[in-house]
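Data first, discussion second: the structure below is written as structure tokens.
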């Protein structure tokens, strides 16, 4: 059994991520069906990470975020980050309120930022449902009856 130094074995998760990446490239029209099938078979047969990397060298890295797994991972990261930020904010506001100080002036920029975040979230939700984001919003595509 030969093992060359520096070679790291690929896990099942890495193989599945590579296949998801290849499927996204197929959906974007960057690969033909035959190319995608060949690369998927090679991905499942790969033993080492460098064998997986070779399958993706001619595809753009930005395509990585087009896979459902990557989008879910990005959303989870955003939720964790928001939770940490809101927890820290709650601690600061609670400490300031309980300290008996005068007017807590940082509440003004905090409220402004919260308003902007909530407004952006509402616009994204409306755009996702096909609603407009203002009076000049136009829907492209087939008209619904």
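Can you bin the stretch 73-113 into rounded, prolate or oblate? Criterion: square roots of the alpha carbon gyration tensor eigenvalues sorted a ≥ b ≥ c, rounded for a/c under 1.5, prolate for a/b above b/c, oblate for the rest. Here the stretch 73-113 falls in the oblate category.
Once you reduce the stretch 17-34 and the stretch 95-114 to the center of their Cα atoms, the two points are 50 Å from each other. Pairs of C-alpha atoms in the stretch 1-62 farther apart than 16 Å represent 42 percent of all such pairs.
Coordinate-derived values only; no laboratory data. As the structure is a computational prediction, the values presented were derived from the model and not from experiment.
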